[in-house]
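Bear in mind these aren't lab numbers, they're just calculated from the coordinates by the rules spelled out. Everything quoted here is computed from the prediction, not taken from an experiment. Neighbour counts run over all protein chains shown; Cβ positions are idealised from the backbone, glycine included.
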Amino acid sequence: MSPLLLLLLCSSAVASGRGDQFTNHWAVRIRGGPEQADAVAEKYGYRNLGQVGGLQDLYHFHHSRVLRRAAFPLRGRHSFIHLDAKVAWAQQQLVKPRVKRSVLRDSALLSFNDPKWSKMWYIHCQDGSGRCRSEMNVLAAWQRGFTGRDVVVSILDDGIERTHPDLSQNYDHLASYDINGNDHDPTPRYDSRNENVFLLSWRDVQHLLVKTSRPAHLKAEDWKTNAAGLTVSHLYGFGLVDAEAMVMEARRWRTVPPQHTCSQVSARRSRHIHAGLRLNSSITTSGCSEDPQVHVQHLEHVVVKVLLLHPRRGDLEIELISPSGTRSQLLGRRLLDSSSEGFRNWEFMSVHFWAETPAGTWTLEVKDTPSKLRNPEVLGNLKEWTLILHGTSQSPYQNPAVPHPRSGEQETPEEPEEEEEEYSGPCHRECADRGCDGPAAEDCRSCIHFSLGRTCVSQCPQGTFENGTSRRCQRCSRGCESCHGPSVRDCLSCRRGRFLNLLTSSCSHTCPPGTFTDDGQRRCGSCDDSCRECIQQADRCTACYHGYSLAGMACVPQCGAGTFFHVEERSCSSCHSSCRTCSGAGPEACLHCAEGFLQQEWGCVQACSPGFYPGTAAGLPHGLCHRCEENCLRCSGAGSSCSRCTAGFSLISRTCIMKASCSDADEVFCEMVKTNRLCQRKFYRQFCCRTCLMNA
């Protein structure tokens, strides 16, 4: 069924036309004589068939492990011959076919009843001239029988939308059941977890795309071959999709090993990014080889998390260089990105290092090219960066030294495909007496303890509970991190962002009244008896029951107006003379000010201090002292109403401007600011002080 799934995934790909046929013969130019040619041939698995006629230094190479006929050049260890310094030139030979002028194209021999077929330009070509430029080989996969006909979709667990138009007509509800959820609805749960059993996981599909895609006719200036022999570009990725090659590869595919994640942080020290120069920062890693649980030996994708401050981040370019020398651009210049936020733990991802070995020194390269819209003397700072490697500790391919068959595969007579032999090696320790089909826990035919999907485990992981009857790990209710049953009231602990209600044993995003959220324990704790509401701790009250009043963050017996409950004396005492109501002794404990007083920050005053001006606030029975604009010592209200500035600042148009900074950055720029009425924004006033303020 996996080839069918891949064909459905690739149904938006493009049909195949007849193209070049690549052979397993090469013409190679090597200087140094026949001995040197023999050494190079042996190094890459070729056989030297001798010199080509009387052409000096030109040899005929043959590779027995490469298909005799293929629709495109196959990748593998033999591909590295092009990179060998001793090889001046190498070319894989093509079949020169005889073509009859009246022959019909393959697409003319096929008929489809899809009413929209004629409009699907991305699957087949409309014109009959030349090779199809949008070649994705869907017709070739169709001709192999992968059409979806007579296929019944049977769903045994959450994970497939039975109402999807591509599945609804073939969906068999009598053959479908959600075993883990114990219900008849296999519709997926849209939460952060994914416990479904896949024939092909998303990572398997990624590997299949990488292995079977090819550059074809796609033109880009940055096509390169990484250290694993894969051709990749920023514009086209790994190249054009080949539907036939994908389904053929999927027929023999084995699920990739578990994904590991290895992280390493650079030394935390601020480094200036000078204009026009490149800043290099390095991290040396072993791929976490010291920890088998996170060891990465074969890369999939690489993430770089950057903490960087910059006055205009659109001027930055960032590249990452692997230990093997492969370079990937993470960020290019962006003329319209004028943000001054920089990158605060911003994550950049690249797949250009796919299948490389991560051990060694990784280099982050940052270049700043200042635009005319900023002061180049203001430098950016690279604070730190984190290298996050995703991949596997084992090779994801059955035989990495031999390339897998690709589109256009023709079985050679001398190397017929061998049938897979029955496994006879040792089983995993979690396998029961029914044996196994391989050495891993997912190869067991029955389990000693519990089964999690297709894998045998000694105990059930978080998010599941042990069903002793079926000896399976069943999922907890949504939101539960651990539980003792499938009900929403069987929770023992909650996932991040939810809290356990101890009274109902259920998880929710908020705690009910009378409780507080304990972030450390992820549970709802009960408030003190006098607290109607509290936060973080039981005695940190924010609201009290009748007969109690709030004193600070405690509920105390309610006292009359102008008094507060004195905890030490256990009686009601008078508030400070500036307070109408209070929570304690002294002017700083006022809740409301007495008549004739204004509230300034945490106290009540008769007149506002320098740097403040009197005003009102909605909901308060007394006045309030508001703070003046920055660097203003005396003002009459909000906004530009200053009448006196602090030392070092000048008063210009009722605004305080630094004495040494009131000049125009650029005459043309400031004239544009004035024309577009941008002087109201303080950012532009700083650059065009004289134009905006002195000529206002």
Along the positive direction of the dipole of the stretch 540-696 (beta-carbon charges: Lys, Arg +1; Asp, Glu -1; about the Cα centre), which of Thr542, Val673, Cys628 reaches farthest? Val673
Return the sequence-ordered ³J(HN,Hα) values of the stretch 608-615 in whole Hz as given by the Karplus equation 6.51 cos²θ - 1.76 cosθ + 1.60 applied to θ = phi - 60°, using x for Gly and Pro. 5, 6, x, x, 10, 9, x, x
Any residue on another chain or 5+ positions along whose placed amide H is under 5 Å from the amide H of Leu331 is listed here as Ile318
Footprinting proxy, His352, His217, His576: sorted fewest to most Cβ within 10 Å, the residues are His217, His576, His352
Explain nothing, just compute: Karplus ³J(HN,Hα) = 6.51 cos²θ - 1.76 cosθ + 1.60, θ = phi - 60°, for every residue of the stretch 526-538 in order, whole Hz, x for Gly and Pro. 7, 6, 4, 4, 7, 8, 7, 9, 8, 10, 6, 9, 5
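Using the Cα centre as the reference, give the magnitude of the dipole from point charges on the C-beta atoms of the stretch 479-580 (Lys, Arg: +1; Asp, Glu: -1; all else neutral), rounded to the nearest 20 debye. Mind dumping the intermediate values first?
On the way: 10 positive and 10 negative charges, 69 e Å.
Charge dipole of the stretch 479-580: 340 debye, to the nearest 20.
With a sphere of radius 10 Å drawn around the Cβ of Arg327, what net charge do the other residues whose Cβ falls strictly inside it have (Lys, Arg +1; Asp, Glu -1)? Before the final figure, lay out each step's value.
On the way: positive: Lys224; negative: Asp222, Glu319, Glu365.
Net local charge, Arg327 excluded: -2.
Roughly how many debye, to the nearest 20, is the charge dipole of the stretch 455-526 about its Cα centre, given +1 on each Lys and Arg Cβ, -1 on each Asp and Glu Cβ, and no other charges?
Working: 10 positive and 5 negative charges, 45 e Å.
In total the dipole reaches around 220 debye.
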Between the stretch 279-338 and the stretch 431-483, the Cα center-to-center distance that results, in Å: 38
Tell me, what ³J(HN,Hα) does each residue in the stretch 545-561 have, in order and in whole Hz, if you take phi through Karplus 6.51 cos²θ - 1.76 cosθ + 1.60 with θ = phi - 60° and put x for Gly and Pro? 6, 4, x, 10, 10, 8, 10, x, 10, 10, 9, 10, x, 6, 10, x, 4
Stretch gain in nm, segment Gln293-His274, where the contour uses 0.36 nm per residue and the Cα spacing is subtracted: 2.8 nm
Going by amide H atoms built from the backbone, whose H comes under 5 Å of the H on Ile273, apart from near neighbours? Gly380, Asn381, Leu382
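Let me make sure I get this right: for the stretch 559-627, a, b and c are the square roots of the gyration tensor eigenvalues over alpha carbons, sorted descending. Under 1.5 in a/c it's rounded, otherwise prolate if a/b > b/c, else oblate. Which is it? Show your work: numbers first, answer last.
On the way: a/c = 2.96, a/b = 2.21, b/c = 1.34.
Prolate, because a/c is 1.5 or more and a/b exceeds b/c.
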Given contacts defined as C-alpha pairs under 8 Å and at least six residues apart, what's the relative contact order of the stretch 33-92, whole-number percent? 27
When Asp204, Asp114, Asp242, Asp150 are arranged by how many other beta-carbons sit within 10 Å of their Cβ, fewest first, they go Asp150, Asp114, Asp204, Asp242
Would you tally the net charge around Arg269, using a Cβ to Cβ cut-off of less than 14 Å, leaving Arg269 out, and scoring K and R as +1, D and E as -1? +2
Label-point separation (nm) for Arg149 and Ala638, each offset 7 Å from Cα along Cα-to-Cβ? 7.4
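For Pro512, what charge total do you get from the other residues with a beta carbon under 13 Å from its beta carbon, if Lys and Arg give +1 and Asp and Glu give -1?
Details: positive: Arg523, Arg532; negative: Glu533.
Net of charged neighbours comes to +1.
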What whole-number distance in Å separates the alpha-carbon centres of the stretch 576-590 and the stretch 512-549? 25
